[in-house]
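Enquirer: Dropping the structure in here first, questions after.
Readers should treat all values here as calculations from the given coordinates under stated rules, not as data from a laboratory. Nothing here was measured: the structure is a model prediction, and the numbers come from that model. Every residue, glycine among them, receives a Cβ derived from its backbone with ideal geometry; neighbour counts consider all protein chains shown.
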Amino acid sequence: MSHTVLRMEGIDKSFSGTHALKNINFELKLGEVHALLGENGAGKSTLIKVLGGIHQPDSGSIFINDEKVNIRGINEARKYGIGIIHQEIVLVPFLTVAQNIFLGHEPVRAGVVDSKTINADAQEMVARLGLDIDVTTPLERLTIAQQQMVEIVKASSFNVKILVMDEPTSSLSDEEVEKLFETIEKLKKQNVSIIYISHRMEELFRISDRITVIRDGTYVGTKNTSETNASELVSMMVGRTLKSFYVRTYNEISETVLSVRNLSRKGEFEDVSFDVHKGEILGFSGLVGAGRSEIMQSVFGALPSDRGEIVLNGNTVKFKNPKQAIKAGISLVPEDRKNEGLVLMNSVSYNIKLASLHFVMNGIAESRKKISALVSDYMQRLRIKAASPEIEVSSLSGGNQQKVVLAKWLAARPDVLILDEPTRGVDVGAKQEIYSIINDLAANGMAIIMVSSDLPEIINMCDSVCVVRSGRIVAKLPREELTQERIMNYATGGNEQ
Amino acid sequence: MSKKNTFAKLKELPVIGMLFSNIGILSVLLIICAALAIAEPKSFLSSSNILSVLRQISNNMYIALGMTLVIIISGIDLSVGSVVCLSGTITVGLITLSGYPIWLAIIIGILLGALCGFCSGTIIAQFKVPAFIVTMAMMNIARGAANVYSGARSMRITDKVFETIGMGKLFGIPLPIIYMVILIAVMSFVLNKTKFGTYIYAIGGNRESARLSGVPIKKVEIAVYTIAGLLAAFAGVVLASRMYSAQPSVGEGFELDAIAACVLGGVSMSGGKGRISGTVLGAMVIGIISNWLNLLDVNSFWQLIVKGIIILIAVLIDTQKSSDSALKKLLGSVKRLCGKKNAA
């Protein structure tokens with residue numbers, strides 16, 4: 001545990017005007033899990049790209065086993081035993097697991113790819129990490145979690161010594177996270193050193209040995225995980241102490257706005273019934289894949305239901321598409337910001353107006369004045385930090401992007417706001433701001449549904465929580481009865497045994 | 001700081017913004033025009049040559065305007081060249097063979113083109129068949145239909161009124177140029193100012209996000225292909241009038257010229273990005289280069305080669321804009337090498 005495998009000293013990097021990394025130091029010991037913590041845009045991924053040879057540092061040095069190295073590309077990084085697992089899966093869906101693992105360095109016999117060796121070797125590698133995956137199945141048939149494991153196996157096929165994991169758990173269920181941690185423990189025993197990037201505080205305390213915090217491209221400090229706590233880390237990250245993380249003032253709950261009865265869709269969810277009232281935040285908890293998002297999509301008209309009834313403001317409604325739902329007063333902030341929430345290549349202003357064009361028309365033409373009034377109103381209200389409303393939304397930080405999605409759906413002036421994982425991949429500071437926005441909306445009488453896998457968030461923000469398991473609501477818990485254990489018991493079916 | 005701010009504000013003005021977003025193609029256009037003005041001052045700068053260049057450009061422009069919408073929704077329409085032939089043939093045929101009144105024949109010809117687009121669009125949107133395949137089939141169907149109708153023979157038309165459509169002038173300006181200006185204005189308005197235009201960008205930029213935002217994707221898709229067919233058919237009628245005839249082989253390769261104009265003008269083949277102003281400049285660059293080559297008496301096969309190379313260069317420049325492009329990396333490593341040598 002004492003030998004230092006990687007040292008990065010005084011790393012400096014600028015991109016056309018932005019100083020992304022300022023004199024950063026980082027050190028990794030043999031067989032340790034070293035977490036890298038920082039808000040979105042703090043410079044974590046730039047640092048990783050420097051290590052992976054994708055960017056060249058302007059100044060500073062990298063030492064591997066005390067030997068100064070120059071990493072000029074991905075292949076050189078591999079040569080030094082550096083493997084990076086990106087947040088998004090970058091494998092080929094139609095190839096088999098084994099083919100994916102060996103892609104680009106297939107063993108060749110007499111000019112032909114030797115698939116026997118590939119399969120045997122791949123199976124052995126998979127087994128070495130204690131995984132149960134048949135390497136001859138096409139990748140697309142695996143779950144996201146299994147695909148991620150394949151990424152890890154692939155990285156280890158290069159005789160990896162330093163493995164970087166960028167938000168590996170962002171799309172995993174709790175059970176799958178456990179499996180991932182088991183794998184990480186196995187890798188540690190094989191003397192692989194791991195750089196672990198995540199926003200989830202509980203995970204860092206479970207898996208990491210040390211934690212380094214960076215903020216605005218500068219090194220803040222390194223702590224032994226056993227000697228620190230969440231609030232210390234948060235204040236290191238944001239540079240100030242956050243008083244109360246969750247913001248919630250509970251309101252008198254009045255009339256029912258939306259009520260759903262026996263909503264069903266074959267193979268996805270069954271007999272789902274719930275009511276949301278003015279000023280209420282109704283939580284939906286459950287494991288990933290339990291059907292929460294599908295239920296919401298169905299209420300929103302994006303996924304047809306087989307039977308059931310939806311009553312909105314006293315009228316029975318049946319939405320054939322999202323357009324009708326939006327008109328009737330329902331907004332859905334989708335789970336996947338990049339693929340469902342935003343048109344990334346377009347401007348902030350474009351994205352904010354997209355769901356509420358009917359408010360900004362002037363005859364058949366869109367009114368420039370009305371659009372800019374609408375956009376600046378919501379940018380101010382949600383404190384969206386952007387140089388101008390006309391810049392590409394992809395250039396914003398994750399937190400600000402999420403606020404743009406929120407702004408877009410609030411601009412449609414809904415009566416019912418459905419939030420699907422509203423703080424996923426958002427840094428701590430922005431998270432708190434989003435909570436305070438949601439709280440204000442509820443205080444002003446909006447009916448809010450919040451789907452979330454983040455248990456503390458659900459417990460601290462909601463008036464009551466529906467727990468979904470295998471497409472059914474198995475429990476409705478009022479605020480006073482909410483504990484992580486209770487929710488997990490219902491979500492996993494643990495209380496029945 | 002204040003300088004930077006005023007600069008940023010200037011960029012937000014529509015005209016200046018248009019110039020900035022097309023800075024690449026605009027400079028190419030200016031350089032070519034300047035070179036031509038110096039090389040061929042008499043023939044290029046004469047008002048009759050300028051008008052004739054614009055008139056030659058106009059036909060490709062009608063088609064490219066429709067193609068711009070299609071490419072922004074990340075589609076493609078290969079059938080436009082055949083639609084040019086179909087609408088010209090039917091219109092001329094209805095007048096000369098069947099004795100239809102001219103206005104009716106023209107309307108039928110143009111609606112037929114719109115129908116071709118409508119059919120392609122419906123199949124693409126409703127059944128999710130790739131646009132490349134559907135419009136390639138439509139390309140064959142339309143040309144086949146035209147040739148069945150005409151018996152693959154060219155049909156002459158001598159009607160004076162019909163001739164005016166393509167040959168007439170208003171205040172000394174050929175009518176095709178006037179149509180072109182009107183269509184550019186209309187299409188810019190549609191794309192920049194209407195809901196429909198906003199929806200087009202949303203579909204090309206992120207289909208799933210568009211769907212969840214309440215964009216009626218299928219309707220917009222069908223409308224876009226219908227407009228592309230309609231504009232191609234219009235080009236077919238104007239062209240038939242200019243040639244005093246309907247020709248069975250007219251319009252071959254027109255789809256490629258239209259796509260080239262879009263690509264040159266910065267319309268992204270992966271969808272979501274592009275402007276009418278870019279396409280207009282792209283079509284002008286292609287037209288002016290053809291004009292130059294004509295003035296130099298370069299034969300048409302060499303002209304094809306030159307056009308191909310220009311398109312390749314344009315696309316290369318466009319794709320190398322991003323920071324991690326191969327070209328930039330190459331330049332970067334050359335710089336570093338030179339730096340090392342200097343240091344040594």
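Enquirer: Would you look at the GNM of chain B, springs on alpha carbons closer than 10 Å, and say which of B:151, B:24, B:229 moves the most?
Expert: Top of the fluctuation ranking is B:151.
Enquirer: Alpha carbon centre of the stretch A:113-136 versus the stretch A:389-465: separation in Å?
Expert: 43
Enquirer: Percent relative contact order of the stretch A:4-238, based on C-alpha pairs within less than 8 angstrom and at least six residues apart?
Expert: Details: 432 pairs, mean separation 67.3, N = 235.
RCO, the stretch A:4-238: 29 percent.
Enquirer: Just going by the charge dipole of chain A, with Lys and Arg at +1 and Asp and Glu at -1 on Cβ, which of A:83, A:42, A:221 is farthest out on the positive end?
Expert: A:42
Enquirer: Roughly what would the spin-label model give for residue B:34 and residue A:383, points 7 Å off Cα along C-beta, in nm?
Expert: Going by the 7 Å Cα→Cβ label model, 5.0 nm.
Enquirer: In terms of modelled amide H atoms, which long-range or inter-chain residues lie less than 5 Å from the amide H of residue A:469?
Expert: Close amide H contacts, sequence-distant or interchain: A:474.
Enquirer: Please name which of B:184, A:303, B:148 has its Cα lying farthest along the dipole of the protein assembly as shown towards the positive end, using unit charges on Cβ (Lys, Arg +1; Asp, Glu -1) and the Cα centre as origin.
Expert: Result: B:184.
Enquirer: Along Cα→Cβ, 7 Å out, is where each label goes; now give me the distance between the ones at residue B:156 and residue B:185 in nm to one decimal.
Expert: Going from the residue B:156 label point to the residue B:185 one covers 3.9 nm.
Enquirer: Pairs to check: A:68/A:179; A:431/B:218; A:22/A:431; A:13/A:186; A:266/B:218; A:318/A:408. Give those whose C-alpha atoms are more than 29 Å from each other in this structure. Working shown, then result.
Expert: Values: A:68/A:179 36 Å; A:431/B:218 37 Å; A:22/A:431 26 Å; A:13/A:186 34 Å; A:266/B:218 26 Å; A:318/A:408 23 Å.
Cα-Cα > 29 Å for A:68/A:179; A:431/B:218; A:13/A:186; rest within.
Enquirer: Another question, if that's okay. Is the shape of the stretch A:59-191 best called rounded, prolate or oblate, per the rule: a/c under 1.5 gives rounded, else a/b larger than b/c gives prolate, else oblate, with a ≥ b ≥ c the square roots of the Cα gyration tensor eigenvalues?
Expert: Oblate shape, in that a/c is at least 1.5 and b/c is the bigger or equal ratio.
Enquirer: Further question on the same structure: Would you mind ranking A:59, A:173 by Cβ crowding within 10 Å, fewest neighbours first?
Expert: Starting with the residue having the fewest Cβ neighbours, the order is A:59, A:173.
Enquirer: Between the DSSP loop rule and a limit of at most 16 other Cβ atoms within 10 Å, which trypsin sites (Lys or Arg not before Pro) in the stretch A:344-400 are left?
Expert: Counting only loop positions with at most 16 other Cβ atoms within 10 Å, the trypsin sites (Lys or Arg not before Pro) in the stretch A:344-400 are A:383, A:385.
Enquirer: Turning to a different aspect of this structure: Alpha carbon centre of the stretch B:280-300 versus the stretch B:185-236: separation in Å?
Expert: With the stretch B:280-300 and the stretch B:185-236 each reduced to a Cα centre, they are spaced 30 Å.
Enquirer: For chain B, modelled as a GNM with alpha-carbon contacts under 10 angstrom, which of B:196, B:118, B:127 fluctuates the most?
Expert: In this elastic network of chain B, the residue with the biggest mean-square fluctuation among B:196, B:118, B:127 is B:127.
Enquirer: Still on this structure, I have one more. Can you pull the one-decimal nm distance between simple spin-label points at residue A:227 and residue B:178, each 7 Å off the Cα toward Cβ?
Expert: 8.6
Enquirer: Then there is this: Using the crude model of +1 on Lys and Arg Cβ and -1 on Asp and Glu Cβ, and no other charge, please compute the dipole size for the protein assembly as shown relative to its Cα centre, in debye to 20.
Expert: I would put it at about 2700 debye.
Enquirer: Where the only charges are on Cβ atoms (+1 Lys, Arg; -1 Asp, Glu), what is the dipole of the stretch A:4-238 about its Cα centre, to the nearest 20 debye?
Expert: On the way: 25 positive and 32 negative charges, 138 e Å.
The dipole of the stretch A:4-238 has a size of about 660 debye.
Enquirer: While we're on this one: Quick one: angle between helix B:217-242 and the longest Cα principal axis of chain B, in degrees between 0 and 90, rounded to 10, please.
Expert: Rounded to the nearest ten degrees, it is 60.
Enquirer: OK, next. With everything on Cα atoms, drop me the angle between helix A:428-443 and the longest principal axis of chain A, reported from 0 to 90° to the nearest 10.
Expert: So the inclination is approximately 10 degrees.
Enquirer: Another question, then. Using helices alone, I'd like the mean residue ellipticity at 222 nm for the protein assembly as shown: each DSSP H run of four-plus residues gives -39500 (n - 2.57), total over residue count, nearest 500.
Expert: Details: 33 runs with 428 residues, N = 841.
Computed ellipticity for the protein assembly as shown at 222 nm equals -16000 deg cm²/dmol.
Enquirer: Using the beta-carbon distance between residue B:16 and residue A:479 and R0 = 56 Å, what value does 1/(1 + (r/R0)^6) give for FRET efficiency, to the nearest 0.05?
Expert: Efficiency, rounded to the nearest 0.05: 0.55.
Enquirer: Another question, then. Would the stretch A:346-449 count as rounded, prolate or oblate if I go by the C-alpha gyration tensor, calling it rounded below 1.5 in a/c and otherwise prolate when a/b exceeds b/c, oblate otherwise?
Expert: Oblate shape, in that a/c is at least 1.5 and b/c is the bigger or equal ratio.
Enquirer: Mind checking the stretch A:1-78 for trypsin sites (Lys or Arg not before Pro) that DSSP puts in a loop (not H, G, I, E or B) and that have at most 16 other Cβ atoms within 10 Å? If you can, show how the numbers build up before the last one.
Expert: Values: sites: A:7, A:13, A:22, A:29, A:44, A:49, A:68, A:72, A:78; in loops: A:72.
Sparse-neighbourhood loop trypsin sites (Lys or Arg not before Pro): A:72.
Enquirer: Let me ask something else about it. Hey, if you put +1 on the Cβ of every Lys and Arg and -1 on every Asp and Glu Cβ in the stretch B:53-296, which of B:205, B:134, B:261 ends up farthest toward the positive end of that dipole?
Expert: Working it through, the farthest residue towards the positive pole turns out to be B:205.
Enquirer: Also, I was wondering about something else. Could you tell me which trypsin sites (Lys or Arg not before Pro) in the stretch B:149-220 are loop residues by DSSP with no more than 12 other beta carbons within 10 angstrom of their beta carbon? The partial results should precede the final answer.
Expert: Numbers: sites: B:153, B:156, B:160, B:169, B:193, B:195, B:207, B:211, B:218, B:219; in loops: B:153.
Sites meeting the loop and neighbour criteria: B:153.
Enquirer: Find out how many positive minus negative residues lie around residue A:90, taking Lys and Arg as positive, Asp and Glu as negative, among other residues whose Cβ is under 10 Å from that of residue A:90.
Expert: Its environment carries a net charge of -1.
Enquirer: Can you list the aspartates and glutamates whose alpha carbon sits under 18 Å from that of residue A:29, skipping same-chain ones fewer than 8 residues off?
Expert: The qualifying aspartates and glutamates are A:9, A:66, A:67, A:185, A:209, A:227.
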